[in-house]
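S.K.: Mind looking over this structure? Questions follow.
Each value in this text was obtained by applying a stated rule to the coordinates, not by laboratory testing. On a predicted model such as this, the values are computed, not experimentally measured, just so you know. Backbone-built Cβ (ideal geometry, glycine too); neighbour counts: all protein chains shown.
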Amino acid sequence: MSRALQPFEELVELDAEALRTWSARALDALGREREEIDAINVYPVADGDTGTNLYLTAEAAHQAVEAVFAAAEPDAAETVRAMAHGALLGARGNSGTILAQLLRGMAAVLAEGRDGDHLARALAEAADAARRAVAHPVEGTILTVASAAAGACAGGGGLVEVAGSAYEGARTALATTRGQLDVLTRAGVVDAGGQGLVTVLGALVETVTGHAPDRPGTAPHGVPVPARPAAPERCGDGDGPAYEVIYLLEAGDAAVDLLRSRLDALGDSLVVVGGDGLWNVHVHVDDAGAAVEAGVEAGRPHRIRITHFASAAAQADTDARGARAQRAVVAVVPGEGLAGLCAEAGATTVQTRPGEQPAGDELVDAIRRAHAREVVLLPNDTELRQTAAAAAERARAEGIRVALIPTRAAVQGIAALAVHEPDRRFDEDVVAMTAAAGATRYAELAVAERQSFTSAGVCQAGDVLGLIEGDVAVIGQDLTETARTVLDRMLSAGGELVTLIVADGTPPDLAAALEGHVRRGYLAVDTTTYHAGEGAPPLLIGVE
C-alpha cells in the first residue's frame, strides 16, 4: 500500500519512500500547474515553456527514482542521489537546469541525514549551489525564491516545521518578484521559475504533513497571480540571442571553468550544473555552432538540443490556436485484437508475445515508425518501465520529443488513448492521458502453471488467479466466478466504467455474464468489452 493510502502520521525523517513520494507529488503538481507557469513566462525569454521545462526535468528525476526502486529496495541516500542525477540528465531550459542544481545541492546533505536540521542545511546548500551555477545571478528569479526558502528555515527544527517555513518563505519571496524585475512589473506577473519552485516545495510539505498547502499560484494574502502576461517581452527589451543551446558534457573541472568563460562571452543566461565529470550546460547565444564547438573542446558533449526562439514562439502560437501537431502514440499491447483496436484509434503498436517482453530496440523502432515530431509512449506493463524509459531517452537523443506515461496495464493504455487529442498542445494532451491512466484501476485473470505461494495463499497448478494491481487477491477454480469476485472487490471502492478485455479461448459467455453481473449489482456503472484475440491474458479488467 502506498504512503498516500495509509493513515497518515507527520514525518520526522525523509526516508526512501518519503523521497519517492515527494518526487511523484512534485511531478504531479507541476503537471497541474505547468500551463499556468508557461503563461506567465516572460524572463529571461518570453517563450512560454518554463512550466513545461520544469515538468520534464521533474519527470526525468522521478523516472530515475522509480528505476532504482524497480531494481532493488534503495536507502534514502540512493534515492535522493537518483532523483538529483535524473534531473541533471533530463534538465530542460533555464529554470529546469537550475532546479537540477537545487536537487543536486540538497542531495549532498540529505545523503548524510534527513531530519529537519538536515533539510534546512540541504536547502541552504541548494540555494548556494544554484547561485554558483549561474554566470550572472539576477534577483527576482528562482534564485531569489530558493534563497528565501533557505533563509526562512535557517534555524532548523522538526521536519514539518522546516518544510513549512521554507514553503512560506518561498511564497512570500515569489510575491515580491513582481516588483524586482522591470519585465515582471510591466507584465504584472511573478517569476515563472520561482513559481515552479514553490510548487515543488509545496509537494514536499504535502509529503511530510499529509496536507496540501495553499496552491502555489496564489500569492500571500490571497492576491492571485495573473493568468497571462499583459505584454510578453524578449529578455526584457525586445532583443536578445537567437538560440537556446543545451547539452550534457563529460569533462573535468578545469575544462568546465574555461568553458564557462567562453560561453559567457558568446551569450547570456549561462547555467552550468553538475560535477564529478558530468555537466548539464545551458546558454542563450546567436552562434549555436560556436557554443557546441566550445563543448567539444572542453570534453564530450551529447544530447545536444538547439532551439531557435523565433521558431519556438511561432510553434507555441500555432499550438495555442489549435493547429494539428505532428504527434503519434506508441502503445505496447498483448493480443492481435487489442493491437488492431489501438491501431484503429491511430496508435502505432508493439504486440507482445506470450512470455516475452519487447526489447528496447523494438520500442525505439516503433517510435521511429510513427514518423512524428512528438510521441506519447504507453508501455502498459510495470515490467517494461525501465526498458521504455531507456527507449524514450534514445529517441529524444535523435530529436524526437517523447513523453513516457507509466501505464501498468493495457486497460490503462486504452483509457489514456481514449482521451488523446492530437489537436491540443502536447503537454496538455500528456497531462490528460496521464490523468486518465492514473484514474484506472486494473486487474488480470491468469491460470497458475504450478503450485506456488501467493499473497492470497497457496495456489495449485490450474487454479484461476485474480490479480488486482499486480498482486494475487483471489484464488478460484472457475474463470467466470473468480472474475465476478474480482469485479466486486474492485467496485467496492467505487467506479463509473468497467472495461473488459477478453482473450480467445475463454468461455464464450464470459463477457455477457460479467456485463450482466455489473448491470444487476451496480446500476450507475457502464461496461465496455473488447476482444484481445490470441496472445493476451484470459481477461483484463479496468475500473475508472
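S.K.: Report the charge-dipole magnitude of the chain in Debye, nearest 20, computed about the Cα centre from +1 at each Lys and Arg Cβ and -1 at each Asp and Glu Cβ. Walk me through the intermediate numbers first.
M.R.: Working: 43 positive and 76 negative charges, 124 e Å.
Dipole of the chain, to the nearest 20 debye: 600 debye.
S.K.: Can you check how the C-alpha radius of gyration of the range 87-131 compares to 2.2 N^0.38 Å, as a plain ratio?
M.R.: Values: Rg = 10.6 Å, N = 45, 2.2 N^0.38 = 9.3 Å.
So the Cα radius of gyration is 1.14 times the expected 2.2 N^0.38 Å.
S.K.: Please give the FRET efficiency for residue 454 paired with residue 343, using the beta carbon to beta carbon distance and R0 = 35 Å, rounded to the nearest 0.05. It would help to have the intermediate numbers written out before the result.
M.R.: On the way: r = 35 Å, r/R0 = 1.00.
With a Förster radius of 35 Å, E is 0.50.
S.K.: Which FRET efficiency value, to the nearest 0.05, do you get for residue 520 and residue 356 by plugging their Cβ-Cβ distance into 1/(1 + (r/R0)^6) with R0 = 45 Å? Working shown, then result.
M.R.: Details: r = 39 Å, r/R0 = 0.87.
Plugging the Cβ-Cβ distance into 1/(1 + (r/R0)^6) gives 0.70.
S.K.: Restricting everything to alpha-carbon atoms, can you work out Rg to Rh for the range 49-196 with a Kirkwood hydrodynamic radius?
M.R.: Taking Rg over the Kirkwood Rh, I get 0.99.
S.K.: Quick check: residue separation of residue 398 and residue 528 times 0.36 nm, minus the Cα distance between them. What number comes out in nm? Can you show the working numbers first?
M.R.: Details: separation 130, 0.36 × 130 = 46.80 nm, distance 3.86 nm.
Here the answer is 42.9 nm.
S.K.: May I ask you to derive the FRET efficiency for residue 421 and residue 254 from their Cβ-Cβ distance with R0 = 45 Å, giving the value to the nearest 0.05? Mind showing how you got there, number by number?
M.R.: Working: r = 50 Å, r/R0 = 1.12.
Once rounded, the FRET efficiency stands at 0.35.
S.K.: Running Debye on the range 3-124 with equal point scatterers at the Cα sites and no solvent, what base-10 log of I(q)/I(0) appears at q = 0.15, 0.22 Å⁻¹?
M.R.: Results for the range 3-124 at q = 0.15, 0.22 Å⁻¹ read -0.69, -1.22.
S.K.: Given q = 0.10 Å⁻¹, what are the Debye log10 I(q)/I(0) values for the range 416-544, with equal point scatterers placed on the Cα positions and solvent ignored?
M.R.: Calculated log10 I(q)/I(0) at the listed q: -0.35.
S.K.: If you take the charge dipole of the chain about its Cα centre, with +1 on Lys and Arg Cβ and -1 on Asp and Glu Cβ, which of 108, 203, 522 is farthest toward its positive end?
M.R.: 203
S.K.: Quick one: Karplus J couplings for the range 449-459, per residue in order, coefficients 6.51, -1.76, 1.60, θ = phi - 60°, nearest Hz, x for Gly and Pro?
M.R.: 8, 7, 5, 7, 8, 10, 5, 9, x, 8, 10
S.K.: Rg and Dmax of the chain over Cα atoms: what are they, in angstrom?
M.R.: That works out to 24.6, 74 Å for Rg and Dmax.
S.K.: What is the gain in length, in nm to one decimal, between residue 185 and residue 308 on full extension, counting 0.36 nm per residue of separation less the C-alpha to C-alpha distance?
M.R.: Values: separation 123, 0.36 × 123 = 44.28 nm, distance 2.63 nm.
Once the chain is fully extended between residue 185 and residue 308, it gains 41.6 nm.
S.K.: Please list, short to long, the whole-number percent of alpha-carbon pairs of the range 421-484 in consecutive 10 angstrom bins beginning at zero.
M.R.: In whole percents, the pair-distance histogram is 21, 35, 15, 17, 11, 0.
S.K.: Could you check the simple spin-label distance between residue 446 and residue 369, using points 7 Å along Cα→Cβ, in nm with one decimal?
M.R.: 2.5
S.K.: Now for a different question. Give me the extension gain from residue 70 to residue 15: residue separation times 0.36 nm, minus the current Cα-Cα distance, reported in nm with one decimal. Kindly include the intermediate steps, with their values, before the conclusion.
M.R.: On the way: separation 55, 0.36 × 55 = 19.80 nm, distance 1.68 nm.
Computed gain between residue 70 and residue 15 is 18.1 nm.
S.K.: Name the residues of the range 28-54 whose amide N is less than 17 Å from a point 7 angstrom out from the Cα of residue 268 along the C-beta direction?
M.R.: It comes to 41-48, nothing else.
S.K.: Within the chain, what's the longest run with no trypsin sites (Lys or Arg not before Pro) in a DSSP loop and at most 14 other beta-carbon atoms within 10 Å? Give the range, please.
M.R.: Formally, the longest exposed-site-free interval is 1-320.
S.K.: How much of the DSSP bridge set in the chain is antiparallel, in percent, rounded to the nearest 5? Let's see the in-between values first.
M.R.: On the way: 49 of 70 bridges.
If we restrict to bridges inside the chain, about 70 percent are antiparallel.
S.K.: Taking amide hydrogens as modeled 1.01 Å from N in the peptide plane, which residues meet the under 5 Å criterion relative to residue 349, leaving out close sequence neighbours?
M.R.: Long-range HN contacts for residue 349: 331.
S.K.: Compute, for the range 361-507, the length of the dipole vector about the Cα centre, with Cβ point charges of +1 (Lys, Arg) and -1 (Asp, Glu) only. Units Debye, rounded to 20. Numbers along the way, then the final one.
M.R.: Numbers: 14 positive and 23 negative charges, 67 e Å.
Roughly 320 debye, rounded to the nearest 20.
S.K.: Rank 539, 360, 53 by how far each Cα sits towards the positive end of the charge dipole of the chain (+1 on Lys, Arg Cβ; -1 on Asp, Glu Cβ) and give me just the farthest.
M.R.: Sorting the options by dipole projection puts first 53.
S.K.: Quote the relative contact order of the chain in percent (integer), defining contacts as alpha-carbon pairs under 8 Å separated by 6+ residues.
M.R.: On the way: 1155 pairs, mean separation 57.4, N = 544.
Over the chain, the number comes to 11 percent.
S.K.: Another question about this same structure. Any idea what diffusion coefficient the range 119-183 gets from Stokes-Einstein, in µm²/s, Kirkwood Rh on alpha carbon pairs, 25 °C, 0.890 mPa s?
M.R.: On the way: Rh = 11.9 Å.
Stokes-Einstein gives a translational diffusion coefficient of 206 µm²/s.
S.K.: In units of 2.2 N^0.38 Å, what is the alpha-carbon radius of gyration of the range 358-497?
M.R.: My calculation over the Cα atoms of the range 358-497 gives 1.25.
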